[in-house]
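Worksheet: one structure, shown below.
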Amino acid sequence: MIETSRNSRQVKYAVRDIVLVAQEAQKRGLELRFLNIGDPNKFDHVTPPHLIEAAHRAMLNNQTGYGPSSGTDEAIDAIRQDAQKSGIKNIQDIFVTVGAGEAIEIVLTALLNPEDNILTPSPVYPLYSAVQSKLGVKENTYYLDEKNNWMPDPHDIRKKINDRTKAILIINPNNPTGSVCSREILLEIADIADKHNLLVLCDEVYGKLVYKGCKHIPLASLNDNLPVATFNSLSKAYIAPGFRTGWGIISGSNKKLHNLLEVINQLLRARICSCTPINASVKAALLGPQDHLDRFIDKLEKRKNITVDILNNIEGIHCNEPQAAFYAYPEIDVKDDMAFIRELILNTGVVVVPGSGFGQKPGTSHFRTVYLPPEDTLTEAYNLIGEFMKRWRNRK
């Protein structure tokens with residue numbers, strides 16, 4: 001028998017792993033309602049046509065060969081202009097990748113030895129846990145404060161820093177909770193990173209999907225000299241997850257970043273290049289018409305309101321109101337979230353992801369729901385959750 005690597009056996013990805021349970025439910029004849037994956041195109045959200053046209057033109061013009069390792073000049077220039085507009089200055093490097101996920105993996109690979117760690121929020125988008133498992137790195141978890149609408153807890157971050165800590169990860173706006181960091185907390189985290197000579201990893205994929213009354217502030221815009229790696233992509237705000245196009249922006253002191261930049265670019269060269277024709281869509285997206293964003297956010301805000309209203313009226317469920325993105329992370333009054341979600345799926349066909357797949361404080365249980373589907377689908381799904389929760393509680 002051919003043996004597998006120890007690290008690869010530790011890789012889990014709850015968002016898609018839960019589909020195995022959904023397949024069991026489908027075999028039972030249940031209609032499935034998928035609220036597990038943040039793919040806008042599966043529902044009534046459409047990629048802006050000018051992104052498709054830009055990629056199509058590039059293909060017709062034979063721009064289908066290998067491109068520069070860091071991405072085409074026009075894509076990098078568009079990313080730079082967009083970043084500068086949001087207040088990010090002192091940019092040292094920009095690179096285009098296969099989704100934001102590849103940018104994240106490249107930076108973590110360049111940064112970490114197995115004995116190192118990064119401060120990782122809990123809950124967290126599971127890609128970060130998967131990459132750290134592949135690298136043989138043990139997670140150093142800090143908790144988001146549910147009572148403070150899932151804000152990072154600077155006090156907990158300070159407590160968790162040790163002599164092998166290399167970076168602090170901030171997911172803002174947050175997946176899975178939909179929270180948005182305040183300026184005050186971002187400044188405090190920047191100050192902690194500066195004092196301890198840490199890189200800040202900023203996942204800002206949902207930064208343009210913020211609801212009325214809230215504002216997304218890029219952490220890198222608050223301190224020009226602080227070493228920051230900011231990640232973004234076309235997937236969510238530009239409704240193009242299948243384009244698999246993201247990027248990393250490295251900003252801050254060149255003196256502090258010099259070695260990291262060298263290794264990042266070694267890794268970029270080793271993987272050849274990102275998808276050349278789709279690089280054309282980056283310029284179209286960031287510098288072209290933005291009118292789809294208001295329509296998208298209006299839809300999402302209505303669906304967010306349905307989500308919060310119905311779930312908070314179910315006994316045994318409490319849901320903080322998301323401020324951005326299209327996720328909610330309600331707390332459920334059950335002891336074993338995995339057992340609860342498994343039975344929910346097998347009995348109702350409603351597919352959500354257990355909180356244990358993202359992380360949660362010991363003694364608490366949650367699930368993540370995606371409110372991209374139309375209002376009637378969400379209403380039906382949440383009503384089924386309510387009925388199931390009532391049966392679950394009554395069987396005690």
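Enter the angle in degrees (range 0 to 90, nearest 10) between the Cα long axis of helix 73-85 and the first principal axis of the Cα atoms of the chain, meaning the one along which they spread out most.
Tilt of helix 73-85: around 70 degrees.
For a quick check: sort 352, 282 by the number of other beta carbons within 10 angstrom, fewest at the front. It would help to have the intermediate numbers written out before the result.
Details: 352 24, 282 30.
Listing 352, 282 from fewest to most nearby Cβ atoms yields 352, 282.
Which of rounded, prolate, oblate describes the range 199-253, given a ≥ b ≥ c as roots of the alpha-carbon gyration tensor eigenvalues and a/c under 1.5 marking rounded, otherwise prolate only if a/b is larger than b/c? Could you put the intermediate results ahead of the total?
Values: a/c = 3.76, a/b = 1.35, b/c = 2.79.
Since a/c reaches 1.5 but b/c is at least a/b, the shape of the range 199-253 is classed as oblate.
As a test of the formula, what do you get for the chain when each DSSP H run with n ≥ 4 contributes -39,500 (n - 2.57) and the sum is divided by the residue count, at 222 nm and rounded to the nearest 500 deg cm²/dmol?
-13000 deg cm²/dmol
Could you check what % of the DSSP bridge pairs in the chain are antiparallel, to the nearest 5?
Values: 23 of 42 bridges.
Taking every DSSP beta bridge within the chain, about 55 percent pair in antiparallel fashion.
If you fit an axis through the alpha-carbon atoms of helix 375-394 and take the longest principal axis of the Cα set of the chain, what angle between them do you get, 0 to 90°, nearest 10?
Roughly 50 degrees between the two axes.
Using a basic spin-label model with each label point 7 Å from the Cα along Cα→Cβ, how many nm lie between residue 253 and residue 164?
Rounded to a tenth, the inter-label distance reads 2.5 nm.
Looking at the range 299-363, which GluC sites (Glu not before Pro) are in a loop (DSSP not H, G, I, E or B) and have at most 13 other Cβ atoms within 10 Å? Display every interim value, and only then the final one.
On the way: sites: 301, 315, 331, 343; in loops: 315.
Taking the range 299-363 and a limit of 13 other Cβ atoms within 10 Å, the loop GluC sites (Glu not before Pro) found are 315.
Residue farthest toward the positive end of the dipole of the range 49-287, with Cβ of Lys/Arg at +1 and Asp/Glu at -1: which of 205, 124, 149?
205
With axes computed from alpha carbons, what is the tilt in degrees of helix 183-195 against the longest principal axis of the chain, rounded to the nearest 10 within 0 to 90?
50 degrees
Test of understanding: what is the full-extension gain from residue 342 to residue 184, defined as 0.36 nm times their sequence separation minus their Cα-Cα distance? Write out the running numbers ahead of the final one.
Values: separation 158, 0.36 × 158 = 56.88 nm, distance 3.93 nm.
Roughly 53.0 nm would be gained on extension.
Length gain on complete extension for the stretch residue 20 to residue 380, per 0.36 nm per residue less the alpha carbon to alpha carbon distance? Numbers along the way, then the final one.
Values: separation 360, 0.36 × 360 = 129.60 nm, distance 2.23 nm.
Full extension from residue 20 to residue 380 adds 127.4 nm.
Summing +1 for each Lys or Arg and -1 for each Asp or Glu, what net charge is found among the other residues whose Cβ lies under 13 Å from the Cβ of residue 141?
Numbers: positive: 138, 159, 160, 361; negative: 139, 153, 156.
Surrounding charge for residue 141 is +1.
Relative contact order for the chain: what percent, with Cα pairs under 8 Å and sequence separation of 6 or more?
Value for the chain: 26 percent.
Using the beta-carbon distance between residue 85 and residue 309 and R0 = 30 Å, what value does 1/(1 + (r/R0)^6) give for FRET efficiency, to the nearest 0.05? Don't jump to the answer; show the numbers that get you there.
Numbers: r = 35 Å, r/R0 = 1.18.
The value I calculate is 0.25.
So, R0 is 35 Å and r is the distance between the beta-carbons of residue 335 and residue 153; what FRET efficiency does that work out to, to 0.05? All intermediate terms of the calculation are to be shown ahead of the outcome.
Values: r = 25 Å, r/R0 = 0.70.
Once the sixth-power term is evaluated, E becomes 0.90.
Using only the Cα atoms of the range 69-150, build the gyration tensor, take square roots of its eigenvalues as a ≥ b ≥ c, and label the shape rounded, prolate or oblate: rounded if a/c is under 1.5, else prolate if a/b is larger than b/c, else oblate. Before the final figure, lay out the partial values.
Details: a/c = 2.50, a/b = 1.45, b/c = 1.72.
Oblate.
PRE reach from residue 291 (point 7 Å along Cα→Cβ): which of the range 233-266 fall under 20 Å by backbone N?
237-240
Please state the relative contact order of the range 131-240 as a whole percent: Cα pairs under 8 Å, 6+ residues apart?
Values: 140 pairs, mean separation 25.2, N = 110.
Answer for the range 131-240 is 23 percent.
Counting other Cβ atoms within 10 Å, which trypsin sites (Lys or Arg not before Pro) in the range 147-209 have at most 16 and lie in a DSSP loop? All intermediate terms of the calculation are to be shown ahead of the outcome.
Numbers: sites: 147, 158, 159, 160, 164, 166, 183, 195, 208; in loops: 164, 208.
Hits after loop and neighbour filter: 164.
DSSP loop (so not H, G, I, E, B), at most 12 other Cβ within 10 Å: list which chymotrypsin sites (Phe, Trp or Tyr not before Pro) in the range 40-108 pass both filters. Show your work: numbers first, answer last.
Details: sites: 43, 66, 95; in loops: 43, 66.
Taking the range 40-108 and a limit of 12 other Cβ atoms within 10 Å, the loop chymotrypsin sites (Phe, Trp or Tyr not before Pro) found are 66.
Mind sorting out which of (i) 33, 25, 21; (ii) 37, 29, 18; (iii) 37, 22, 20 is the real semi-axes √(5λ) of the Cα gyration tensor in Å computed from the coordinates?
Correct label, based on the coordinates given: (i).
With +1 on each Lys and Arg Cβ and -1 on each Asp and Glu Cβ, how big is the dipole of the chain about its Cα centre, in debye rounded to the nearest 20? All intermediate terms of the calculation are to be shown ahead of the outcome.
Working: 46 positive and 46 negative charges, 117 e Å.
Value, rounded to 20: 560 debye.
Local charge sum around residue 49 (other residues, Cβ-Cβ under 14 Å, Lys/Arg +1, Asp/Glu -1)?
Values: positive: 57, 295; negative: 53, 291.
Cβ neighbours under 14 Å give a net charge of 0.
Restricting to Cα pairs below 8 Å that are 6+ residues apart, what does the relative contact order work out to for the range 204-291? Please round to a whole percent. List each step's numbers first, then the result.
Values: 79 pairs, mean separation 21.7, N = 88.
This gives 25 percent for the range 204-291.
Where a number appears in this text, it was derived from the coordinates with a stated rule and is not lab data. The structure presented is a predicted model; accordingly, all values stated were derived computationally and were not measured. Counting neighbours? That spans all protein chains shown, and the Cβs are built from the backbone with ideal geometry, glycine included.
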